[in-house]
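The next block holds one structure in the form of structure tokens; read it before the comments.
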Amino acid sequence: MKIILKYTLDVIPDMQAIEMAIDAKFLAVQMQYSKITLWMVETAGESLRQKFYFTVLGTGQKFEQKDCEYLGTVQNGLYVWHIFYNAPVK
């Protein structure tokens, strides 16, 4: 059985890690209550966990991230944020 869970991201220039079920799959990213929120599909009750890495960038912000996947763009007032998934650091 699957479950949809949500996680929030901070607006910081550094890569951030969120621990999720090892089989977590991206569903959506949107603003909710002024916070960047990710919705993920996971197996309900999955005990194996893994850190997933994300980066939040503002429009015009320079970056040198490799192995990243664009997830979406969200707006909060005047600010526009672009969310990327980063491959795990090995």
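Among the residues that make up the range 17-35, is at least one of them part of a loop (DSSP other than H, G, I, E, B), surrounded by fewer than 14 Cβ atoms within 10 Å (Cβ to Cβ) and small (Gly, Ala, Ser)? Taking every residue of the range 17-35 in turn, at least one turns out to be part of a loop (DSSP other than H, G, I, E, B), surrounded by fewer than 14 Cβ atoms within 10 Å (Cβ to Cβ) and small (Gly, Ala, Ser). The residue that is farthest from residue 18 (Cα to Cα), counting only those in the range 58-75 that are among the hydrophobic types (A, V, I, L, M, F, W, C) and at pLDDT 95 or above, is 74. Looking at 69, 42, just one residue is surrounded by 10 or more Cβ atoms within 10 Å (Cβ to Cβ), of a type outside the set (Ser, Thr, Tyr) and touching a Phe, Trp or Tyr at 6+ places or on another chain (Cβ under 6 Å), and that residue is 69. Looking at 73, 55, just one residue is free of Cβ contacts under 8 Å to residues at least 12 places away in the same chain, over 18 Å from residue 4 (Cα atoms), β-branched (Val, Ile, Thr) and in a strand (DSSP E or B), and that residue is 73. Within the range 40-66, can you find the residues that are over 11 Å from residue 9 (Cα atoms) and either β-branched (Val, Ile, Thr) or within 12 Å of the chain's Cα centre (by Cα) (or both)? Matches in the range 40-66: 40, 41, 43, 51, 52, 57, 59.
Would it be correct to say that residue 85 is at negative phi, in a strand (DSSP E or B) and either touching a Cys at 6+ places or on another chain (Cβ under 9 Å) or modelled with pLDDT under 95 (or both)?
When the stated conditions are applied, residue 85 passes them.
If the condition is being small (Gly, Ala, Ser) and closer than 14 Å to residue 85 by Cβ, then the range 14-45 contributes 17, 24, 28.
Of the residues contained in the range 1-8, one or more are found to be over 10 Å from the mean Cα position of the chain (by Cα), of a type in the set (A, V, I, L, M, F, W, C), in a strand (DSSP E or B) and farther than 22 Å from residue 81 by Cα.
The values are calculated or read from the model by the stated rules, or taken from the named source; none is laboratory data. This is a predicted model, so every value here is computed, not measured. Don't worry about glycine lacking a Cβ; one is built from the backbone with ideal geometry, like all the others, and counts go over all protein chains shown.
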